[in-house]
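Here is the structure we will look at.
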Amino acid sequence: MHITESHYEHQHLYRVEWEPPNKDGSGGYIKWFSDGELVYGIHGSSLKITGTEIPSEPMYLLMNTAIASSWGFPMPCPEGCDCECFECGNPDCDCGFPDGFCENFPSFYEIDYVRVYQAVNETKHVLGCSTPDRPTDLFIKAHKKRYMSEGDKAPLQPVKNGGAVCHSDEDCGGSKSGKCTSKKCICNEGFTGPSCYAYAGFDDNYFGINDASVDVVKMIFPTGLLVAFMVLLVGFIVALVYSTKYQKVENSQQKPIAVPDGTYDIPSQGFPTVNTSYQKPSSAFSPPRVVKYALIDRRLIDE
């Protein structure tokens, strides 16, 4: 796209198409048009190389006149010139400006209309400053200091309606938006801001999080850690079952065994032992008699 004299003298139609990506970050695109002709575009698939994606966060429209010293300014900086000075009317800064640059000021950026369209029944096209999938207000609450100026007690202060120091009505946006009274801006109806430059608007689709709600953080564990934990758990269960079964078998082998002398002998290591002397059970017809044996030449001899 080449900017011509027509862009300074006549109005043109600019369009931006923004298709958010899917929830997994794939897809989506952004395209820029001028007077119905495609100027530039980028698809989400082209961003895989950098590991990024088409934006899906809530955004707002900002239309202003931006001037960059890298566009049309002397490059490299002329010798002996302070190219950090950008003040029209200051002779020390003239060498850092393009020829005739300051003659363009004051200038105006006139906008006839702004229209925003949204696809019907498209779940990816949501409206609001803080959406369910992108809860911006939660991020702000977690990083309050980033959104606070010196002296602020809380972020996101209400927009001030007038009150800025002024010397004339021009400091308050002119007679259309405000006026300067007692060196302070007083905004007209329909305008707001410290200097009454902004139109008074509102968000008709506000999405907020109740401060009393409890935020549950979903913990995510690495797959390798989960696998190791499952292996250890299965091993522990197998060892527990084996230990219980072995204990039952050992207990079943250690039952008391009755021996002839009327006593009980507890097996050692699972093998029974028998005494070499015993007492015959008593009866009602004969008294008990003790018989003793001696071991001679590996033979039992009745004494």
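So in the range 136-172, with the set limited to residues that are modelled with pLDDT of 90 or more and on the phi > 0 side of the Ramachandran plot, which one is least open to solvent (accessible area, probe 1.4 Å)?
Only one residue fits best here, namely Gly162.
Taking the condition aliphatic (A, V, I, L, M) and touching a His at 6+ places or on another chain (Cβ under 9 Å), does Ile54 pass?
Yes, satisfied.
Look at Asp171 and say whether it is assigned to a helix (DSSP H, G or I) and out of contact with any helix residue (DSSP H, G or I) (no Cβ under 9 Å at 6 or more places or on another chain).
Spelling it out, Asp171 is indeed assigned to a helix (DSSP H, G or I) and out of contact with any helix residue (DSSP H, G or I) (no Cβ under 9 Å at 6 or more places or on another chain).
With respect to Asp133, is the statement that it is in contact (Cβ under 8 Å) with a residue 12 or more places away in the chain, open to solvent by 40 Å² or more (accessible area, probe 1.4 Å) and assigned to a loop (DSSP other than H, G, I, E, B) true?
Here the answer is yes, as Asp133 does meet what is asked.
Filter the range 176-222 down to the residues that are open to solvent by 60 Å² or more (accessible area, probe 1.4 Å) and β-branched (Val, Ile, Thr), then identify the one that is modelled with the lowest pLDDT.
Among those residues, the one meeting the criterion is Val214.
Find all pairs meeting these conditions: Cβ atoms under 7 angstrom apart; at least six residues apart or on different chains; first residue within the range 139-162 and part of a loop (DSSP other than H, G, I, E, B); second residue at pLDDT below 85.
Met148/Pro155
Looking at the range 157-179 only, could you name the residues that are more than 12 Å from Tyr197 (Cα to Cα) and of a type in the set (S, T, N, Q)?
Scanning the range 157-179 gives Gln157, Ser168.
Exactly one of these conditions fails for His2: (1) within 30 Å of Arg134 (Cα to Cα); (2) open to solvent by 80 Å² or more (accessible area, probe 1.4 Å); (3) part of a loop (DSSP other than H, G, I, E, B). Give me its number.
For His2, the exception is condition (1).
Which residues, taken from the range 16-58, are of a type in the set (Lys, Arg) and either at pLDDT below 95 or touching a helix residue (DSSP H, G or I) at 6+ places or on another chain (Cβ under 7 Å) (or both)?
If the condition is that a residue be of a type in the set (Lys, Arg) and either at pLDDT below 95 or touching a helix residue (DSSP H, G or I) at 6+ places or on another chain (Cβ under 7 Å) (or both), then Lys23, Lys48 are the ones that fit.
Tell me, yes or no, whether the range 89-106 has at least one residue that is of a type in the set (Phe, Trp, Tyr), under 30 Å from Tyr14 (Cβ atoms) and under 38 Å from the mean Cα position of the chain (by Cα).
Within the range 89-106 (the criterion being of a type in the set (Phe, Trp, Tyr), under 30 Å from Tyr14 (Cβ atoms) and under 38 Å from the mean Cα position of the chain (by Cα)), the answer is no, since none of the residues qualifies.
The values are calculated or read from the model by the stated rules, or taken from the named source; none is laboratory data. Quick caveat, the model's predicted, so the values are computed rather than measured. Positions of Cβ are generated from backbone atoms using ideal geometry, with glycine treated the same way; all protein chains shown enter the neighbour counts. Protein only, heavy atoms only, side chains kept; ligands, DNA and RNA dropped before computing areas. Shrake-Rupley method; radii C 1.70, N 1.55, O 1.52, S 1.80 Å.
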